[in-house]
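Data block below; observations after.
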Amino acid sequence: MEQAHHPAAASAAERSAEAQRATWASVAVNLVMTLVQLVVGWLAHSQSLVAHGLHSFSDLLSDFLVIYASRQSAHPADAAHPYGHARIETAATLILGTSLALIGGGILWESGLRLQHVEALPAVELSALWVAIATVVSKEGLYRYLIRVAERLRSQLMIANALHTRADAASALVVVVGIAGALLGWTFLDLLAAALMGFMILRMGVGLAWGAIKELIDTSLDDTQVAAIRSSLLATPGVRGLHQLRTRRMAHQALVDAHVQVDSWISVSEGHRIAESARARVLREHPEVLDVMVHIDPEDDMDPNLASMRLPSRDALLDELKPLLAGLPEPEKIVLHYLCGRVEVEVFVSHAFFENGDALRRAEAALAERMKSHPRIARVALNCLVAPN
């Protein structure tokens, strides 16, 4: 089925351009803060400020990762990637989360080692405090800008990057407290602030990486979203039931597969129309859904007792029908219905046969008698083709 495009959603090119504008703004802020924190932290003997500078450097790396991923994921679907390239964002999120976990673990380890030799550390200088305060203000402002763009674009990668920036602002507050404590004479507070910041980065990285892994292994959407999609499918005219509803996320979008039950005796074309209506309803009511694959069932095919696939093919059944239809004119059309583990048959014959009431009754009685012992064919219905005008 072709993928539907939602008019309300931004095009891939527009998403990519806006994501890159926001990310370049983040690059500028992180580049300045990285340089200032590393230089001032080293000169002012603040381990927490140096650690935060390294964190800002990881922000810088993640910004470039977002730029690359947003460009690649904007590429349209092709033969090798029929669902598009959106999962490049997911892979980038996994890399970002893993790198954050490693950086956070490294900072935590280094701070623990330094806490064992607090008395040998030089005094922290006042300039470190002013830089830490400036970091809090700049990072919080950047977070508010990035999260607005990320939510508008529904980009998991940009949301992850924005949350990274918010965590950076929160950890900068810890640095402010640590440096202030060190200036008041509690030198160990600067190292405790660095250790706490390392733990925060580690925890956030593990969370991001785990979220990306769940997406890559096709974890379902949350229960609320699945229930809403189920309701949309069941509300489609012609749908009698629903089973095997499966969902999976792909970056900021989702893919849906569903088996819907329809009336057993409708035509293939009517069943197809119901499937297309159900698909269109989900795409219309759930903009986050990229595509829906709808499979039509005349019954619950999950029931092992209804093993219709073990029944013979059409050609074999037609051979079995020949002795049952003896005495009838050559059928104009035969329709088979594989239902409840058996077959029901519609036989269409010329209207002329139905004009002779006695012949019709005799044929029906003979057919009913022959049907009693048949193991697979449950019923044969005689139908008259409409006479031409």
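Coordinate-derived values only; no laboratory data. Since the structure is predicted, the reported quantities are computational estimates derived from the model, not experimental observations. Using ideal geometry, Cβ is built from the backbone for each residue, glycine included, and neighbour counts are taken over all protein chains shown.
Some observations on this one:
- Burial ordering of His164, His243, fewest other beta-carbon atoms within 10 Å first: His243, His164
- DSSP finds beta bridges in region 308-384, and of those with both partners inside it, around 50 percent are antiparallel.
- Inter-label distance, nm, simple model (7 Å from Cα along the C-beta direction), Arg248/Tyr68: 2.5
- If R0 is taken as 30 Å, the Cβ-Cβ distance between Arg376 and Glu285 corresponds to a FRET efficiency of 0.10.
- Computed as a quarter of the hull surface, the mean projected area of the alpha carbon convex hull for region 124-278 stands at 11.7 nm².
- Here Ser48, Ser267, Ser350 are placed in order of increasing Cβ neighbour count within 10 Å, fewest first, which gives Ser267, Ser350, Ser48.
- With the simple model of a label 7 Å out from the Cα in the direction of the Cβ, Val137 to Arg21 spans 2.6 nm.
- Ranking of Val335, Val260 by neighbouring Cβ atoms within 10 Å, starting from the fewest: Val335, Val260.
- For region 180-272, the dipole from Cβ point charges (+1 on Lys and Arg, -1 on Asp and Glu) about the Cα centre works out to 80 debye, to the nearest 20.
- Isotropic mean projected area of the C-alpha convex hull, region 308-384 (nm²): 4.8
- Calculated SAXS-style log₁₀ I(q)/I(0) at q = 0.22, 0.24 Å⁻¹ - region 223-297, Debye, Cα scatterers: -0.90, -1.06
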